[in-house]
Amino acid sequence: MVKFDKKKFYITTAIAYPNSRPHLGHALEIIQADVVTRFYKLLGKDVFFQTGTDEHGMKNWQSAQKEGKDIIEFLDANVSVFKDLYKKLNISYDNFIRTTDKKAHYLGAIKLWKELVKTGDIYKKNYKGLYCNGCEVFKTEKELKNGKCPNHPTHDIEVVEEENYFFRLSKYKEEVIKQIRSDEYKIIPEIRKNEILSFLKTAKDISFSRPKTSLSWGIPVPGDESQVMYVWCDALSNYITGIGYESDEKRFKQIWPADIHIIGKDILRFHAAFWPALLISAKLKLPKQLFVHGFILSKGSKMSKSTGNIIDPFEQIEKYGLDQFRFYIAGAMPIDGDGDYSEDVVRERINNELVSNLGNFCYRVISFVNKNFNGEIKDIDKNKKIIDNIGKKINEIKKHYSEFNFNLTLNEILSISDIGNKYFQENEPWALIKKDRKKVQEICSLCVNIAKNLSILIQPIMPDFSEELHKQLKLKNLKWKDIGFELKNHKIGKEKILVNKVEDVTEELFPLNLKIAQINEVKDHPNADKLYVLQVDLGNEKRQLVAGLKEHYTKEQLKNKKVIVMTNIKYAKLRGIESQGMLLAGDDGKDLGILTVKKSKTGSDVFFSGLKNLDKEISFENFQKLKITVNDGKAYYKHLELKTAEETVKVEKVKDGARVG
């Protein structure tokens with residue numbers, strides 16, 4: 001059993017790579033970490049929860065270059081989207097570390113490097129290896145599947161030959177094996193423990209830097225400006241730099257070591273082999289536990305842009321509700337495997353488990369007590385069978401929470417509300433009240449206590465639901481120690497429906513019909529200095545458009561571009577020339593940039609994820625009421641990204657916050 005100190009209880013996630021928008025996998029991990037944080041706070045621990053972003057590396061640099069942005073401007077914009085998601089998910093983190101933070105992170109990463117040098121564990125040599133640009137990591141032949149990285153099958157593997165610094169992983173592998181086998185560094189679940197022990201048997205030294213000519217964006221190696229720190233010393237060190245390693249040693253000593261690291265299975269060896277070896281070399285304590293979760297799949301497949309099965313967490317929160325989304329994500333993951341995200345199952349679980357079971361029990365009890373006893377409970381029905389049964393389940397729930405087995409946690413919580421529902425139903429208080437009013441009040445008092453216990457048990461997963469239930473019960477600041485059946489002589493508050501049923505989703509319609517058009521010809525408007533007359537090809541038809549682009553684009557810049565055209569806007573004459581549609585562009589008040597694609601075919605549909613375009617004619621006035629905005633060089637409507645079947649639509653030139661018109 002892992003022993004925890006009484007000092008700060010330190011929980012971390014892996015830091016996210018912000019080269020694009022956050023996806024469902026980011027939501028999964030941050031929700032799991034938040035559940036763990038809230039659970040240990042309920043137990044009375046002084047929890048410190050850190051997350052953040054991994055901001056160096058080639059992918060970030062290249063993505064910024066593609067969008068024509070300064071690297072820090074690019075990162076600031078993307079990091080703000082991650083923070084926005086975490087806010088919407090009600091994540092209770094204490095620190096958000098960015099690896100571009102020169103005050104905290106650079107100082108700590110450089111100190112760690114120097115400590116490894118001092119121990120004699122860094123050396124330089126020529127190296128030839130297989131490099132995956134998607135992972136930004138060197139791979140072995142064994143790790144590849146049909147010559148491709150399993151995590152990035154659309155990327156070509158590069159053969160890279162260069163001079164790098166290396167870290168002596170081989171020197172520490174036996175000590176790391178010993179720490180993991182003994183559970184001094186506990187890996188959960190067992191399948192991941194066995195996997196890393198197998199890897200460590202043949203572990204070799206690891207590349208620890210890249211030449212600046214290969215990796216220009218990163219922390220320079222101390223004493224060698226020609227080299228940049230590789231991901232191991234840079235990204236992994238965030239767990240210590242974020243809490244003051246080098247920048248605030250008093251704080252660092254108070255918080256380190258981490259009690260729990262939470263990561264995905266694709267970065268297991270980095271955290272279970274490389275990281276503990278670095279810490280041993282630097283004479284730092286090892287973390288206590290590493291929880292490794294699986295992937296969240298979409299209909300059995302890993303989500304990727306290439307397969308077009310990406311699910312937007314912003315969209316799902318808006319569609320189903322925050323706590324309902326957290327509930328499903330937490331319950332979808334088995335401890336030792338992958339989970340699946342299916343909107344059909346989301347709706348089914350909300351309706352059958354949250355509405356019909358948990359929500360129904362709490363609402364019917366509170367409303368019955370208000371209607372028949374003016375909200376007052378007194379003595380409790382001492383039904384030993386019910387109380388003992390629930391008590392056993394509460395112990396199981398605590399065990400499942402501490403072992404990160406959240407789907408079993410939820411199963412047991414729901415089984416308690418099921419017990420409450422059956423107990424209430426079988427006693428028929430509505431019929432018994434005329435014969436034995438005192439007994440009915442005792443039955444209701446026991447049910448209110450069950451509801452109180454449920455409000456505590458569900459709090460880490462559904463904090464808003466829990467808070468609302470506390471309000472209705474007129475209770476606050478409940479902790480795990482408050483679980484029990486002692487609440488009596490108490491007056492509750494007014495009932496309110498806690499969870500609403502999700503109706504079968506009808507296809508949401510979007511009032512624009514958007515198509516890809518290629519500009520074939522650009523001419524000056526004969527009667528207007530700022531307008532062009534464009535001839536465009538929509539695949540199965542050709543049209544004429546009038547567009548105010550003359551101050552922003554030359555004719556040569558526009559010709560042959562693939563642009564986005566609204567085809568169902570009412571035709572209009574602009575200074576005597578008919579415009580048979582409208583070309584979409586972003587306008588930030590200073591610059592104007594067209595919406596464009598490269599790979600998609602002329603005539604293809606352009607859409608916001610999950611919305612069906614309409615053909616019905618729309619007026620310019622009604623179009624203006626739609627709020628389509630630009631963020632990170634892309635167009636969004638209610639957090640939905642504008643795309644085709646092949647790619648995401650890009651917006652040229654304009655700043656974030658620009659309006660599309």
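Values in this text are rule-based calculations from the coordinates and carry no lab data. Just so you know, these numbers come straight off a predicted model, no measurement behind them. Note: ideal-geometry Cβ built from the backbone for every residue, glycine included; neighbour counts use all protein chains shown.
Couple of notes before you dig in:
- A Förster radius of 22 Å combined with the Cβ-Cβ distance from Lys103 to Asp224 puts the calculated FRET efficiency at roughly 0.45.
- When the square roots of the Cα gyration tensor eigenvalues are ordered a ≥ b ≥ c, the ratio a/c for the chain is 1.5 or more and a/b does not exceed b/c, which makes its shape oblate.
- The H on the amide N of Gln227, modeled in the peptide plane, is under 5 Å from the matching H of Lys212, Val221, each at least 5 residues off or on a different chain.
- With K and R counted +1 and D and E -1, the other residues having a Cβ less than 13 Å from that of Asn405 yield a net charge of -3.
- Within the stretch 489-504, backbone nitrogen closer than 20 Å to the virtual label 7 Å beyond the Cα of Lys474 toward Cβ: 489-498
- For the stretch 253-305, trypsin sites (Lys or Arg not before Pro) meeting the loop criterion (DSSP other than H, G, I, E, B) and having at most 15 other Cβ atoms within 10 Å: Lys283, Lys285, Lys299, Lys305.
- A full extension of the chain between Glu503 and Ile72 corresponds to an added length of 150.8 nm, given 0.36 nm per residue minus the alpha carbon distance.
- Spacing of the two label points (7 Å from each Cα toward its C-beta) at Asp524 and Lys627, in nm: 4.1 nm
- Label-point separation in nm, Ser356 to Ser198, each point 7 Å along Cα→Cβ: 4.1 nm
- Separation between Cα centres of the stretch 597-661 and the stretch 96-120, rounded to whole Å: 42 Å
- For the cross-link pairs Lys438/Lys491; Lys422/Lys452; Lys542/Lys634; Lys124/Lys212; Lys530/Lys573, the ones whose C-alpha atoms lie over 19 Å apart are Lys542/Lys634.
- Dipole magnitude for the stretch 9-293: about 680 debye, using +1 per Lys or Arg Cβ and -1 per Asp or Glu Cβ, origin at the Cα centre.
- Looking at the stretch 487-609, the pairs of alpha carbons with a distance over 19 Å make up 57% of the total.
- When +1 charges are put on Lys and Arg Cβ atoms and -1 charges on Asp and Glu Cβ atoms, the dipole computed for the chain relative to its Cα centre reaches about 1480 debye.
- Volume of the convex hull of the stretch 9-293 (Cα atoms only), normalised per residue: 130 Å³.
- Charge dipole (Cα centre; +1 on Lys/Arg Cβ, -1 on Asp/Glu Cβ; no other charges) of the stretch 508-660 amounts to roughly 60 debye.
- Simple rule: put +1 on each Lys or Arg Cβ and -1 on each Asp or Glu Cβ in the stretch 9-293, find the dipole, and look at Asn60, Thr12, Leu75; the Cα lying farthest toward the positive end is Thr12.
- Here the sum of -39500 (n - 2.57) over DSSP H runs of 4 or more residues, divided by the residues of the chain, equals -10500 deg cm²/dmol at 222 nm, to the nearest 500.
- DSSP-loop GluC sites (Glu not before Pro) across the stretch 165-234, with at most 15 other Cβ within 10 angstrom: Glu184
- Of all DSSP beta bridges in the stretch 9-293, antiparallel share, percent nearest 5: 55 percent
- Put simply, when 351-358, 432-439, 581-588 are sorted by average Cβ atoms within 10 angstrom per residue, most first, you get 581-588, 351-358, 432-439.
- Look at where the Cα atoms of the stretch 225-298 and of the stretch 491-535 average out, and the two centres are 43 Å apart.
- Between the residues Ile456, Cys444, Ala528, the greatest Cα displacement towards the positive end of the dipole of the stretch 442-544, with unit charges on the Cβ of Lys, Arg, Asp and Glu, is found for Cys444.
- DSSP beta bridges fully contained in the chain are about 75 percent antiparallel.
- Cα shape, the stretch 194-258, gyration tensor, a/c 1.5 rule: oblate
- Of the residues Tyr341, Tyr320, the one with the fewest other Cβ atoms within 10 Å heads the list, and the complete ranking is Tyr320, Tyr341.
- Other-chain or far-sequence residues with amide H under 5 Å of Glu55's (modelled H): Thr99, Thr100
- Working note: Karplus 6.51/-1.76/1.60 with θ = phi - 60° gives the stretch 648-661 the couplings 8, 6, 9, 10, 7, 6, 7, 7, 4, x, 4, 9, 8, x Hz, where Gly and Pro are set to x.
- Placing unit charges on the Cβ atoms of the charged side chains and taking the dipole of the chain about its Cα centre, the candidate lying farthest along the positive direction among Tyr172, Asn513, Ile122 is Tyr172.
- Computed E for Glu646/Glu190 - FRET, C-beta separation, R0 56 angstrom, nearest 0.05: 0.85
- With R₀ set to 51 Å, the beta-carbon distance separating Leu144 from Asp46 gives a calculated FRET efficiency near 0.70.
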